[in-house]
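Peer 1: Right, I'll just put the structure down here and ask away after.
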Amino acid sequence: MIKHVVMWKLKPMPSEEKESTIQNMKAGLEGLAGKIEGLLDISAGGDFVRSEQSYDVALVSTHASKEALLAYQDHPLHQEAANTLVKPFALARAAVDFECGE
């Protein structure tokens, strides 16, 4: 199995708008569950610590294989979520993908 972890720092915006953006990202990304073959689990959420080192939003997903992760990344539903819910609001992105033995 593969874990896919992504974190985003959001562009500067008023607090209420930031919270709304985070909730929209969470709902939209988690809404991919059950819709993409090989995507076994997905969760997202906003950071509550809000330290200087913190990113604003994180996503953790589990995929059946490396091939399933690649298919997820190219899937039209994932691309739509990325292009409408994430990219317009993201300032920076960090990611890591690793094998796990679950």
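The values are calculated or read from the model by the stated rules, or taken from the named source; none is laboratory data. Just so it is clear, the structure is predicted and the values come from calculations on it, not from any experiment. Note that we place each Cβ from the backbone using ideal geometry, even for glycine, and neighbour counts take in every protein chain shown. Surface accessibility is based on the protein's heavy atoms, side chains included, excluding ligands, DNA and RNA. Shrake-Rupley method; radii C 1.70, N 1.55, O 1.52, S 1.80 Å.
Peer 1: Tell me which of these Gly34 doesn't satisfy, since it passes every other one: (1) among the small types (Gly, Ala, Ser); (2) more than 12 Å from the chain's Cα centre (by Cα); (3) open to solvent by less than 30 Å² (accessible area, probe 1.4 Å).
Peer 2: Condition not satisfied by Gly34: (3).
Peer 1: Just checking, how many residues over the range 68-86 are charged (D, E, K, R) and under 17 Å from Met25 (Cα atoms)?
Peer 2: Of the residues in that region, 1 qualify.
Peer 1: Taking the residues in the range 8-26 that are in a helix (DSSP H, G or I) and under 15 Å from Ser61 (Cβ atoms) as candidates, determine which candidate is most open to solvent (accessible area, probe 1.4 Å).
Peer 2: Looking at the filtered set, the residue picked out is Lys26.
Peer 1: For the range 43-56: of the residues being in a strand (DSSP E or B) and touching a Lys or Arg at 6+ places or on another chain (Cβ under 8 Å), which is surrounded by the most Cβ atoms within 10 Å (Cβ to Cβ)?
Peer 2: Checked the range 43-56; the qualifying residue surrounded by the most Cβ atoms within 10 Å (Cβ to Cβ) is Ala44.
Peer 1: Against the condition among the small types (Gly, Ala, Ser) and not in a strand (DSSP E or B), how does Ala81 come out, does it pass?
Peer 2: yes
Peer 1: Determine, yes or no, whether Leu59 is surrounded by 12 or more Cβ atoms within 10 Å (Cβ to Cβ), under 22 Å from Ile2 (Cα atoms) and free of Cβ contacts under 8 Å to residues at least 60 places away in the same chain.
Peer 2: yes
Peer 1: Here's another thing I want to ask about it. Return the only residue of Leu85, Leu40, Leu70, Leu77 being touching a residue at least 12 places away in the same chain (Cβ under 8 Å), under 27 Å from Met1 (Cα atoms), open to solvent by 60 Å² or more (accessible area, probe 1.4 Å) and out of contact with any strand residue (DSSP E or B) (no Cβ under 7 Å at 6 or more places or on another chain).
Peer 2: Being touching a residue at least 12 places away in the same chain (Cβ under 8 Å), under 27 Å from Met1 (Cα atoms), open to solvent by 60 Å² or more (accessible area, probe 1.4 Å) and out of contact with any strand residue (DSSP E or B) (no Cβ under 7 Å at 6 or more places or on another chain) holds for just one of Leu85, Leu40, Leu70, Leu77, which is Leu77.
Peer 1: Another one. Any residue in the range 11-31 that is of a type in the set (Gly, Ala, Ser) sitting within a Cβ distance under 9 Å of a residue that is assigned to a helix (DSSP H, G or I) and open to solvent by less than 90 Å² (accessible area, probe 1.4 Å)? List the pairs, counting only those 6 or more apart or interchain.
Peer 2: Sorted first by the residue in the range 11-31, then by its partner, the pairs are Ala27/Leu85; Gly28/Ala81; Gly28/Thr84; Gly28/Leu85; Gly28/Val86; Gly31/Leu77; Gly31/Ala81.
Peer 1: Given (1) in a loop (DSSP other than H, G, I, E, B); (2) farther than 25 Å from Glu99 by Cα, where does Gly34 come up short, assuming only one miss?
Peer 2: (2)
Peer 1: Then there is this: Output yes when any residue across the range 53-61 is more than 22 Å from Leu10 (Cα to Cα) and of a type outside the set (A, V, I, L, M, F, W, C), and no when none is.
Peer 2: The answer is no, given that none of the residues of the range 53-61 is more than 22 Å from Leu10 (Cα to Cα) and of a type outside the set (A, V, I, L, M, F, W, C).
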